[in-house]
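Worksheet: the structure to be examined is printed underneath.
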Amino acid sequence: MRSYLLVKTNPSSRNRDGFTLVELLVVISIIGILIGMLLPAVQQVREAARRTACANNLRQIGLATLNYESAFQKFPASWQLPYANNLGSGPTTGWSTQALILPFLEQGNLFDNVNFNLGYGDQPPISIGGETRRLQATRIPTYLCASEVKDEMRFKNDEPYHYPLNYGGNAGTWFVFNPASNSVGQGTLCTNRKLSMGAITDGTSNTLFWGEVKAYTPYFRNAAISGNIPMPSDPALISGLGGDFKSNSGHTEWVDGRAHQTSFTTTFTPNTVVPHVIGNQQYDVDWTNQQEGKSMTAITYASVTSRSYHPGGVNTSRCDGSVQFETSNIDLPIWQALSTRNGREVFSED
């Protein structure tokens, strides 16, 4: 006769082969929390790297402009007429500083393909490396910030047409150019005029050279308001000045020397929102009273705000070649004083 021995076991002493569902959920929750804590730090590191790369671009552009001055004893104009044109000979497309300094940015091959007797709009296609394309559609890496969200070709009729940029020259505070008198504003890179180093009497370390701008900026142009226009103090007033509205093409043409394409002004501090509303869509806009080269009577005033995707401010360069990060909350009088070459302002920066 068989006998059986009944043995009771303690369930907690059994060997387990895996996690319970509760334990698995706890582990997943902990991992999620750690990832949530880590991602902002990773993003901050990436943005710091992008901001550093952006500063390096500005340093190269600033040094290229200074090397141009060393070679020709003058700074390049912000808007230069084709060699074969005269001011008043009719509407024309003027070349940008960005185009003129190409040889000093290791873009000599591209520069050698440019015919400066023609406006950029009349430039025939160029051939580089066996590829034929429009000069204007060439991507210049040094002119683009790594934080730019629309580093992409601008198309027209499904054809590559222009490539944008993220660095504009200092065109002063508000007044840019009077074609009737050929007078220019207080910036360091001026319309149809090449300044000497001696023109910067405020000191090269106290004067802005270049600053960041956003590609594909909405803007108004050619309101053609006659006479003198006082500089607005309220960004909300800009929209009411009117003109032809372009929803996304400002700072998309690195060859074009007009202020709304390749410059900035200090009417407002960096990253100031200049609102314009159409329907339910709000835009952050620039404004130009008259495109340079389009009129011999209407004065070019411009509110072209320096903007970036860097949190808290914009990278800038000064006329001594240094690069500094200017915060969005910089005092407006200081920001405007930095943009004048001979304003004789006395100020200090903390």
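Which angle from 0 to 90°, rounded to the nearest 10, does the C-alpha axis of helix 21-72 make with the longest principal axis of the chain? Helix 21-72 and the main axis of the chain meet at about 20 degrees.
Contact order, relative form, for the chain: 20 percent (alpha carbon pairs under 8 Å, 6 or more residues apart, mean separation divided by residue count). Of the cross-linked pairs K246/K294; K194/K246; K150/K194, those separated by over 21 Å at the C-alpha level are K194/K246; K150/K194. Computed packing ranks the peptides 245-251, 135-141 as 245-251, 135-141, most packed first, by mean other Cβ atoms within 10 Å.
Under the classification rounded if a/c is under 1.5, otherwise prolate if a/b is larger than b/c and oblate if not, where does the range 280-350 fall, given a ≥ b ≥ c as square roots of the Cα gyration tensor eigenvalues? It comes out oblate by the Cα gyration axes. Ranked by the mean number of other Cβ atoms within 10 Å of their residues, highest first, the peptides 214-221, 327-334, 168-175 come out as 168-175, 214-221, 327-334.
Can you give the convex hull volume per residue for the Cα atoms of the range 58-162, as a whole number of Å³?
Considering the Cα atoms of the range 58-162, their hull volume per residue is 127 Å³.
For the chain, dividing the convex hull volume of the Cα atoms by the residue count gives 246 Å³ per residue. Taking a sphere under 12 Å around the Cβ of T93 and counting the other residues whose Cβ falls inside, with K and R at +1 and D and E at -1, yields a net charge of -2. Each peptide in 227-234, 301-308, 194-201 receives the mean, over its residues, of other Cβ atoms within 10 Å, and ordering these scores from highest gives 301-308, 194-201, 227-234.
The calculated FRET efficiency for the pair I28 and S247, based on their C-beta separation and a Förster distance of 51 Å, comes to about 0.70.
With a Förster radius of 56 Å applied to the C-beta separation of I334 and L21, the computed FRET efficiency comes to 0.35.
Computed from the coordinates by the stated procedures, all read-outs in this text should not be read as laboratory data. No experiment lies behind these values; they were computed from the predicted model shown. Note: ideal-geometry Cβ built from the backbone for every residue, glycine included; neighbour counts use all protein chains shown.
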